[in-house]
Amino acid sequence: MSSGRREIHLGHLAAAAGGVCLAWASLCHGGETLVVRGDVVHTMAGPAIAAGVVVIEGGKIRAVGAAATTPIPPHARELRGAIVTPGLVDAHSVVGLSGYLNQPQDQDQLDPVEAIQPELRAIDAYNPQERLIEWLRGFGVTTIHTGHAPGALVAGQTMVVKLAGTTADAAVLRPVAMVAATLGDSARATGDGADTKSPGTRSKAVAMLRAEFVKAREYARKRQLADESKRPDPDLRLEALGNVLARDWPLLVTADRATDIASALRIADEFQLRVVLDSAAEAYLLADQIKAAGVPVIVHPTMRRAGGGGETENLSFETAATLAKAGIPIALQSGYESYVPKTRVVLFEAGLAAAHGLSFPQALAAITIDAAKIIGVADRVGSLEVGKDADIAIFDGDPFEYTTHCTGVVIDGQVMSTEPR
Amino acid sequence: MVQTLWAIGLAVAFACVPAFTARAADPCTAFVGARLIPVGQPEIAAGTLLIRGGTIAAVGPVDAVSIPADATRVDAGGLVIMPGLVDTHSHVGGGQGGDASGPVQPDVRILDSINVHDVGFRKCLAGGLTTLNIMPGSGHLASGQTVYVKLRKAATIDDILYRDAGGRPLGGLKMANGTNSQRDPPFPGTRGKAAAIVRQKFVKAIAYRDKLAKAGGDTEKLPDRDLELEALVDVLEKRKIVHHHCHRADDIITVLRLREEFGFEAVLHHVSEAWKVAPEIARAGVGCSVIVLDSPGGKIEAADFSLVTGAVLEEAGVPCAIHTDDPVTDSRLFLRTAALAVRAGMTRGKALEALTLAGAKMLGLHDRIGSLEVGKDADLVVLSGDPLSTHTKVLQTYVQGQKVFDRDDPEDRLFAVGGFGASRDQRAESCCNGPTKVGAMR
């Protein structure tokens, strides 16, 4: 905690460098300019840059390169640190929908009334004032893929947000990212008090899912009928599944047991869906099949607990590394926590993965550019490249070491925090 | 220099002569060249640790400790050795405390319900833990007696108990306030009611104790034996310490008030909001066992959890341990929790102490464990690097000189890393078709 604030204003250079403003005309007129310097800058779009600098204007990255060869605008506010990375991207969370109090009034991640509800939109439930957002941001996380949680056969839609803004609309980066489905025990009705709307067995779950996609396909066909009177009334649920069938929206399938992962791949093949596997505790048993299917995996939090046997009993710290080695695109996530702590931090999960087989670049990519690609926002975030959003995390050492601090967070060119965390 | 002299002194005094219960004929092992973290003493960059018969026989710089001729020499160059970790708050082993019959059940002993074959114990060893305080849950005002265990290889719980001089199992009493213990009657519905129930029980226990004293051993005059009150008398007489779950600042203060009123000894556990009342805790002279979590929330009383608690308590001079509360945090990652406390401002020395000696003191076991000191049990963790680094692995764990975890052993590695079958004994436990799978028991 002794590192203190690392913010430097270059006002004293203003007079000497005043003339440079001509060369930086666009910068001088396009909003606040910010300069971020790092002993090492990991752009995730090429080799790391020693003594690097990122120049930001108007919320976008205007230049990235070695400080010695990159023109630096005058009058700019300046941040610096040992390690500079893109703002971290958490590939799957429920923060903003599942609140930190864990009381009924702040839990909007799962509606238990029906088993299949793809029409539920994440943007209608996202709370940008949630305290956990500030918590995650303090550790360098700037973008999260959040929304409806695992725990229903089809729980609802997910979205991608920046961890900034006071309304959901201001925070949103992609209003619909995927449709969240779960194959496994948490989406099954079990015991005496089981509701009859949820599937009671694994086979029933898959049968229900197939039936609904068949229905959606029929609906889409009939909506195109020439005779308007024969077209069915609009149905938001089937419209949503139609978007999945049309491959506009991926189906995010949370599945841990190899059986359920195999079912997800079977469904993907049958309906030609874009599937993204989520959690996938036993994915290492099916690496060849996953690879062949071309399906990316958002691997469970590395430190997820193998609670009480069942689906997660075969969790491994090494799964991310095993899948990466097999050539499967992976990202890491904070996941969903039902108790204490209410969320994990994807930076920490990547650190543990880096200690268990992922290389440093692989682990960093899994929470930056590779995560951004899988959730469909790599055109905006995930790497430090000219023209991309100015989302940046600054660290006072190896970001994966437990005792390193995140000392600066920038989102869309705005300095969100500089307090070491 | 002082350090060197100290070490030479030890070497001369103990290296080649029987130390305490160890006899000269007992097997002797010398770990040579490791960085030693004794805890409570400065680290030794290149040291020798000598163990004989399950006890530490010498600790010092390499050039200051002579290695006996009969010693097995282990080259530990580049490795780090520290004391076995002490977890003051664990739920490993599937143990259960009180049931739904009432809020105060101090007669219930968790040791009567622990499955020593639970895979959780193997994972503890993979994390370098060698001593645990296994507790019942926090759903009662008093949920039962806790048990202190030493993670030797075990067939039954009796094999791992710490015992007092009279052979009685050692443990404390688990108590809790706040929201976890609030339920429908006969459980309390409010914080005021919770304190009133506890106060009433202790008043009864005092009367019982007085009757016992008055009887003076005369069996005619002795009151009927009451196991509940007997356990509370143990607490009043400071034979058992209270391990008290509490999160919110006002709940912490309530524990201090009851402790002051009835004169028992207590450790405050979890203490999410201790950072708000550190001076008050310091004035009471009570230790805290802190939980270190990845985020606040999950329940209302943990809403103001902060990573700075350890640092704030340290600065206030409060004795501070860290615990896993396994399954809330993973015993395999116990070192990590101390590192996060350091990230938030705790000093390295105090954080490492919080995993070892501070906890040992809270369990009253510091004469035997918690630091690398001559005469103490040879409970050790051998690490691949610095204990606070993400990349460091627990390579070996020793309990009383016996190797109980070895990362090079494929089965041990499975428990350390996870993978197919890594939770196998839990499977066996939940099924009813015969013996545990091969390898799950030792």
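Scan region B:275-290 and tell me whether some residue there is more than 27 Å from B:Ala378 (Cβ to Cβ), touching a residue at least 40 places away in the same chain (Cβ under 8 Å) and open to solvent by 20 Å² or more (accessible area, probe 1.4 Å).
No.
Kindly establish whether B:Leu313 is within 21 Å of the chain's Cα centre (by Cα) and hydrophobic (A, V, I, L, M, F, W, C).
So B:Leu313 fits the description; yes.
Check B:Lys240 against each of (1) touching an Asp or Glu at 6+ places or on another chain (Cβ under 8 Å); (2) part of a helix (DSSP H, G or I); (3) among the basic types (Lys, Arg) and name the one condition it does not meet.
With (1) touching an Asp or Glu at 6+ places or on another chain (Cβ under 8 Å); (2) part of a helix (DSSP H, G or I); (3) among the basic types (Lys, Arg) applied to B:Lys240, the lone miss is (2).
Please verify whether region A:229-252 includes one or more residues that are part of a strand (DSSP E or B), in the same structural domain as A:Ala155 (by TED's automatic domain parsing) and surrounded by 13 or more Cβ atoms within 10 Å (Cβ to Cβ).
yes
Among the residues of region B:319-326, is any open to solvent by 10 Å² or more (accessible area, probe 1.4 Å), away from chain A (no Cβ under 14 Å), more than 29 Å from B:Arg122 (Cβ to Cβ) and within 19 Å of the chain's Cα centre (by Cα)?
yes
Filtering region B:246-264 down to residues that are without any contact (Cβ under 8 Å) to a residue 60 or more places away in the chain and closer than 17 Å to B:Val312 by Cβ, which residue is surrounded by the fewest Cβ atoms within 10 Å (Cβ to Cβ)?
By that ranking, first place goes to B:Ile253.
Given the structure, is A:Arg137 within 14 Å of another protein chain (Cβ to nearest Cβ), under 30 Å from A:Asp398 (Cα atoms) and in contact with a strand residue (DSSP E or B) (Cβ under 7 Å, 6 or more places away or on another chain)?
Yes; evaluated as a whole, the condition is true for this residue.
Quick check on my filter: what residues within region B:266-289 are assigned to a strand (DSSP E or B) and away from chain A (no Cβ under 14 Å)?
Those that are assigned to a strand (DSSP E or B) and away from chain A (no Cβ under 14 Å): B:Ala266, B:Val267, B:Leu268, B:Gly287, B:Cys288, B:Ser289.
Within region B:107-189, which strands (runs of 3 or more DSSP E) (wholly inside it) include 3 or more residues that are in contact with a His (Cβ under 6 Å, 6 or more places away or on another chain) and modelled with pLDDT of 95 or more?
By residue number, B:173-176.
Can you find, within region B:394-410, the residue that is nearest to the other protein chains (Cβ to nearest Cβ) among those that are open to solvent by 30 Å² or more (accessible area, probe 1.4 Å) and assigned to a loop (DSSP other than H, G, I, E, B)?
Only one residue tops the list, namely B:Arg407.
Test A:Ala268 against the stated conditions and say whether it is part of a helix (DSSP H, G or I) and without any contact (Cβ under 8 Å) to a residue 24 or more places away in the chain.
So A:Ala268 does not fit the description; no.
The conditions are (1) modelled with pLDDT under 95; (2) in a strand (DSSP E or B), and A:Thr158 fails exactly one of them. Which is it?
With (1) modelled with pLDDT under 95; (2) in a strand (DSSP E or B) applied to A:Thr158, the lone miss is (1).
With the requirement that a residue be assigned to a helix (DSSP H, G or I), open to solvent by 10 Å² or more (accessible area, probe 1.4 Å) and within 14 Å of chain B (Cβ to nearest Cβ), what does region A:349-389 give you?
A:Ala354, A:Phe360
So, of the residues in region A:212-228 that are open to solvent by less than 80 Å² (accessible area, probe 1.4 Å) and of a type in the set (A, V, I, L, M, F, W, C), which turns out to be farthest from A:Leu183 (Cα to Cα)?
A:Leu225
Going by what's in this entry, would B:Ser423 be described as open to solvent by less than 10 Å² (accessible area, probe 1.4 Å) and within 12 Å of another protein chain (Cβ to nearest Cβ)?
Yes, satisfied.
Given the condition in a loop (DSSP other than H, G, I, E, B), of a type in the set (S, T, N, Q) and open to solvent by 60 Å² or more (accessible area, probe 1.4 Å), answer yes or no: does some residue in region B:190-213 qualify?
yes
Looking for whichever is open to solvent by less than 30 Å² (accessible area, probe 1.4 Å), within 14 Å of chain A (Cβ to nearest Cβ) and in contact with a Pro (Cβ under 8 Å, 6 or more places away or on another chain) here; the options are B:Ala311, B:Ala302. Which one fits?
Among B:Ala311, B:Ala302, only B:Ala302 is open to solvent by less than 30 Å² (accessible area, probe 1.4 Å), within 14 Å of chain A (Cβ to nearest Cβ) and in contact with a Pro (Cβ under 8 Å, 6 or more places away or on another chain).
Of everything in region B:338-357 that's part of a helix (DSSP H, G or I), touching a helix residue (DSSP H, G or I) at 6+ places or on another chain (Cβ under 9 Å) and open to solvent by less than 10 Å² (accessible area, probe 1.4 Å), which residue is farthest from the other protein chains (Cβ to nearest Cβ)?
The extreme case among them is B:Ala354.
Sort out which residues of region A:315-344 are at pLDDT below 95 and among the polar types (S, T, N, Q), and write them in order of number.
Scanning region A:315-344 gives a single hit, A:Ser338.
Every residue, every condition in (1) in the same structural domain as B:Leu36 (by TED's automatic domain parsing); (2) out of contact with any His (no Cβ under 6 Å at 6 or more places or on another chain); (3) over 22 Å from B:His91 (Cα atoms), yes or no:
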{"residue": "B:Asp325", "(1), (2), (3)": "no, no, no"}
{"residue": "B:Gly345", "(1), (2), (3)": "no, yes, yes"}
{"residue": "B:Leu355", "(1), (2), (3)": "no, yes, no"}
{"residue": "B:Ala360", "(1), (2), (3)": "no, no, no"}
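Taking the criterion of being farther than 27 Å from B:Ser295 by Cβ and open to solvent by 60 Å² or more (accessible area, probe 1.4 Å), would at least one residue in region A:87-105 satisfy it?
no
A:Gln117: surrounded by fewer than 18 Cβ atoms within 10 Å (Cβ to Cβ) and in the same structural domain as A:Ala207 (by TED's automatic domain parsing), yes or no?
no
When region A:295-344 is examined, which residues are found to be under 22 Å from A:Leu273 (Cβ atoms) and either facing chain B (nearest Cβ under 10 Å) or in a strand (DSSP E or B) (or both)?
A:Val297, A:Ile298, A:Val299, A:Ile330, A:Ala331
Select from region A:197-211 the residues that are under 18 Å from A:Pro118 (Cβ atoms) and in contact with a Lys or Arg (Cβ under 7 Å, 6 or more places away or on another chain) and write down the one among them that is most open to solvent (accessible area, probe 1.4 Å).
Filtering region A:197-211 for residues that are under 18 Å from A:Pro118 (Cβ atoms) and in contact with a Lys or Arg (Cβ under 7 Å, 6 or more places away or on another chain), the one most open to solvent (accessible area, probe 1.4 Å) comes out as A:Ser198.
Against the conditions (1) outside the structural domain of B:Val59 (by TED's automatic domain parsing); (2) in a loop (DSSP other than H, G, I, E, B); (3) under 30 Å from A:Asp396 (Cβ atoms); (4) not aromatic (Phe, Trp, Tyr), where does B:His391 fall short? Just the number, please.
Unmet for B:His391, out of (1) outside the structural domain of B:Val59 (by TED's automatic domain parsing); (2) in a loop (DSSP other than H, G, I, E, B); (3) under 30 Å from A:Asp396 (Cβ atoms); (4) not aromatic (Phe, Trp, Tyr): (1).
The values are calculated or read from the model by the stated rules, or taken from the named source; none is laboratory data. Note that the structure is a prediction, hence the values are computed from the model and not measured. When we count neighbours, we look across all protein chains shown, and the Cβ atoms used for this are built from the backbone with ideal geometry, even at glycine. Just so you know, the surface numbers come from the protein's heavy atoms only, side chains and all, with ligands and any DNA or RNA stripped out. Shrake-Rupley method; radii C 1.70, N 1.55, O 1.52, S 1.80 Å.
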